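The values are calculated or read from the model by the stated rules, or taken from the named source; none is laboratory data. All values reported here derive from a predicted model rather than from experimental measurement. Methodologically, a virtual Cβ is constructed for each residue, glycine included, from the backbone with ideal geometry; neighbour enumeration extends over all protein chains shown. Remember, those area values only see protein heavy atoms, side chains included, never the ligands or the DNA or RNA. Shrake-Rupley method; radii C 1.70, N 1.55, O 1.52, S 1.80 Å.
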Amino acid sequence: MKLLLLILTSFIFCFFFLLHGLNLYRTRRLPPGPLGFPIIGSLLELGPKPHESLAKLAHKHGPFMTIKLGTITSVIASTPDAAKDVLQRNDGACSGRTMPDVATALDHPEAGILWMPPDETWRAIRKALNIYLTNPKKLHSNMAIRHNVVQGALDFLRESARKRSVVDVGKLVFSVSLNQMSNTFISQNVINYNDSNSVERFKMAMDTVKKTHGKFNITDMFPLLKPFDPQNLRRQMKMAHHLFDDVVEVALRERRKHRELKMQRYGDMLDSLLDYSQENKDKFSLIHVKSLIVDSFLAGADTSPRTTSWAMTEMLFNPDVYSRVRKEVSEVVGEDGKVHEAKILDLPYLHAVIKETMRLHPPIPLLAPHKTMKEVKLGDFIIPTNTQILVNAWAVARDPNYWENPSVFMPGRFLGNKVDYKGQHFQFIPFGSGRRMCPGTPLAHRMVSLMVASFVYHFDWNLHHKVDMDGNLDLSTQFIATPIHCLNSCR
Ligand code: HEM
């Protein structure tokens, strides 16, 4: 009986292996890649840091590589030139998206900008973000909001320093960033720094959203499993999202009443988006208004704080860098003893530090998955319509052909050259490039610069526990630091 079972199992295995091989043969115009196992493909090879595992596989298989994960075929671009092929030379053909299964847990997943195809509505939303959030005039007029939220954090840190208490910097910068987004969009603080419950609830919800998006979900690879949600990701996503949804829902309801009564306008993003929705009823509804606000909260309150925490961490391991940033910032601090955004925007060394941080720790190492909208030639390969394309932004930023000592933190490498993250230098694309490039880039640049400059100028810091400097997808921004003393009587 045992022998029979063994023969049967071997037969089934060989059958699937043959099918698997045939399947790859049929799609031979795709780039090469690991053969993987029948049915599951290369799932087991990804490990906890997929961007690193994929980078290793790319050394063997080349700049373009095909990976099978269950029923999904993905093409991975792993060098600057391959990234340019996807995001610039074939930007139009490669700018589609697939909605992942976790997103279907939301009330109106189709209204989320991240998963939309590049259609009329998507264009209207990107236009709204540009007009009302990130054009230089708007950024300038919203500067006071950023100063206020950062000042709130400095007050909190000063009080902690006075008491010699430990501060969880990850949570603090998360709260500052979320409040900055919520004040910009709906004119209110979502989080009170002194109320650890509210910080905890929102931080946990944010981490859940990030984790559920970041994980490779078995239901995306095997759609037949969708009804079962075996990793419980959809349910977790729904619960976490609701916390943000509710805040925005209430603000939207109250604001509409406020407007019906023709009361004085707040003049914030919500007012602008409601006007915009009235002017563009056919493509930008109230559902889009709500989705856009929640999406922006989630996008801005995860990535910017993570970058800030990494910059602080790297500097604590490199005290010379820290002193140099402090000196540079000190030279432009106003007579009021405060760090002003307008004065720090062009500080070369501060920006070199932020760029170097993002080079080593891009918050979204594989960008958001792209999808081909028609058959397209990438390198020497023909990629069929509807193929998922991943761009390994982590790998390109460590490509030894472009970067000397790629794993070493050396901000000086960005001095005296024009390499930046605006999407034109494909060896450095933490915000992506092309039409799907992050629309929040100029805002993130200002917010991260202000947080880092203020924290460095006003305090000395000590790391409180060990940090995983390699980072991984699950890394939360929580390292704990203690402001050991305030300089110049706590500026
Ligand atoms: C350090 C901060 C940030 C980083 C590193 C970052 C990075 C990214 C990346 C890599 C993508 C995907 C690009 C692609 O698919 O090729 C993206 C998309 C996006 N980001 Fe950001 N982001 C940051 C901050 C922000 C902020 C502050 C906002 C606020 C509005 C924002 C809003 C968005 C949106 C709406 C998308 C989706 C765009 C689309 O699919 O068309 N991001 N971001």
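As for the range 58-68, it holds no residue that is of a type in the set (S, T, N, Q), at pLDDT 95 or above and in contact with a helix residue (DSSP H, G or I) (Cβ under 6 Å, 6 or more places away or on another chain).
Restricting GLN424, GLN388 to those that are closer than 28 Å to ARG89 by Cα, free of Cβ contacts under 8 Å to residues at least 12 places away in the same chain and either within 16 Å of the ligand (Cβ to nearest atom) or basic (Lys, Arg) (or both) reduces the list to GLN424.
Any residue at all in the range 347-354 that is open to solvent by less than 40 Å² (accessible area, probe 1.4 Å), farther than 27 Å from ILE191 by Cα, assigned by TED's automatic domain parsing to the domain that holds SER454 and of a type in the set (Gly, Ala, Ser)? So far as the range 347-354 goes, yes, one or more of its residues are open to solvent by less than 40 Å² (accessible area, probe 1.4 Å), farther than 27 Å from ILE191 by Cα, assigned by TED's automatic domain parsing to the domain that holds SER454 and of a type in the set (Gly, Ala, Ser). The set of residues from the range 152-167 being polar (S, T, N, Q) and either crowded, with 20+ Cβ neighbours inside 10 Å or under 25 Å from the mean Cα position of the chain (by Cα) (or both) is empty. All conditions but one from (1) aliphatic (A, V, I, L, M); (2) away from the ligand (no atom under 12 Å from the Cβ); (3) at pLDDT 95 or above apply to MET469; the one that does not is (3).
Among the residues of the range 363-410, what is the count of those that are under 13 Å from ASP81 (Cα atoms), assigned to a loop (DSSP other than H, G, I, E, B) and open to solvent by less than 50 Å² (accessible area, probe 1.4 Å)? Result for the range 363-410: 4. For the range 102-115, name all the residues that are more than 14 Å from the ligand (Cβ to nearest atom) and touching a Pro at 6+ places or on another chain (Cβ under 8 Å). None - no residue of the range 102-115 is more than 14 Å from the ligand (Cβ to nearest atom) and touching a Pro at 6+ places or on another chain (Cβ under 8 Å), so the list stays empty. Just the residues that are assigned to a helix (DSSP H, G or I) and more than 20 Å from the chain's Cα centre (by Cα), please, taken from the range 36-66. Passing the criteria: LEU43, LEU44, GLU45, LYS56, LEU57, ALA58, HIS59, LYS60, HIS61.
Cβ-Cβ contacts under 8 Å between residues 6 or more apart (or on different chains), taken from a first residue in the range 181-196 that is under 21 Å from THR134 (Cα atoms) to a second residue that is of a type in the set (Asp, Glu), are listed as ASN183/ASP268; THR184/ASP268; PHE185/ASP268; ILE186/ASP268; SER187/ASP268.
Which one of SER291, SER272, SER296, SER309 is in a helix (DSSP H, G or I), of a type in the set (Ser, Thr, Tyr) and open to solvent by less than 10 Å² (accessible area, probe 1.4 Å)?
On inspection, the qualifying residue turns out to be SER309.
Within the range 255-269, being among the hydrophobic types (A, V, I, L, M, F, W, C) and surrounded by 15 or more Cβ atoms within 10 Å (Cβ to Cβ) holds for one residue alone: MET269.
Looking at VAL325, is it under 29 Å from PRO400 (Cβ atoms), away from the ligand (no atom under 14 Å from the Cβ) and either open to solvent by 50 Å² or more (accessible area, probe 1.4 Å) or not in a loop (DSSP other than H, G, I, E, B) (or both)? Steps first, answer last, please.
On the way: under 29 Å from PRO400 (Cβ atoms): yes; away from the ligand (no atom under 14 Å from the Cβ): yes; either open to solvent by 50 Å² or more (accessible area, probe 1.4 Å) or not in a loop (DSSP other than H, G, I, E, B) (or both): yes.
Here the answer is yes, as VAL325 does meet what is asked.
With respect to PRO80, determine if the residue is open to solvent by less than 40 Å² (accessible area, probe 1.4 Å) and within 15 Å of the ligand (Cβ to nearest atom).
Details: open to solvent by less than 40 Å² (accessible area, probe 1.4 Å): yes; within 15 Å of the ligand (Cβ to nearest atom): yes.
Considered against the rule, which asks whether it is open to solvent by less than 40 Å² (accessible area, probe 1.4 Å) and within 15 Å of the ligand (Cβ to nearest atom), PRO80 comes out as yes.
With respect to the stated conditions, LEU252 fails to be hydrophobic (A, V, I, L, M, F, W, C), open to solvent by 30 Å² or more (accessible area, probe 1.4 Å) and out of contact with any Cys (no Cβ under 7 Å at 6 or more places or on another chain). List every residue pair whose Cβ atoms lie under 6 Å apart, where the two residues are 6 or more positions apart in sequence or sit on different chains, the first residue falls within the range 111-140 and is among the charged types (D, E, K, R), and the second residue, located anywhere, is buried (at least 19 other Cβ atoms within 10 Å of the Cβ) and not in a helix (DSSP H, G or I). Between residues of the range 111-140 that are among the charged types (D, E, K, R) and residues that are buried (at least 19 other Cβ atoms within 10 Å of the Cβ) and not in a helix (DSSP H, G or I), the close pairs are ARG126/PRO439.
Here PHE156 meets each of (1) at pLDDT 95 or above; (2) out of contact with any Pro (no Cβ under 8 Å at 6 or more places or on another chain); (3) in a helix (DSSP H, G or I) with one exception, condition (1).
Take ASN148 and decide whether it is of a type outside the set (Lys, Arg), open to solvent by 30 Å² or more (accessible area, probe 1.4 Å), within 13 Å of the ligand (Cβ to nearest atom) and part of a helix (DSSP H, G or I).
Here the answer is no, as ASN148 does not meet what is asked.
Just one residue in the set LYS262, LYS283 is part of a loop (DSSP other than H, G, I, E, B) and within 16 Å of the ligand (Cβ to nearest atom); that residue is LYS283.
For the range 27-46, which residues satisfy the criterion of being surrounded by fewer than 14 Cβ atoms within 10 Å (Cβ to Cβ) and either at pLDDT 85 or above or farther than 19 Å from ILE76 by Cα (or both)?
Passing the criteria: ARG29, LEU35.
Looking at this structure, is LYS257 more than 18 Å from THR184 (Cβ to Cβ) and in the same structural domain as VAL176 (by TED's automatic domain parsing)? So LYS257 fits the description; yes.
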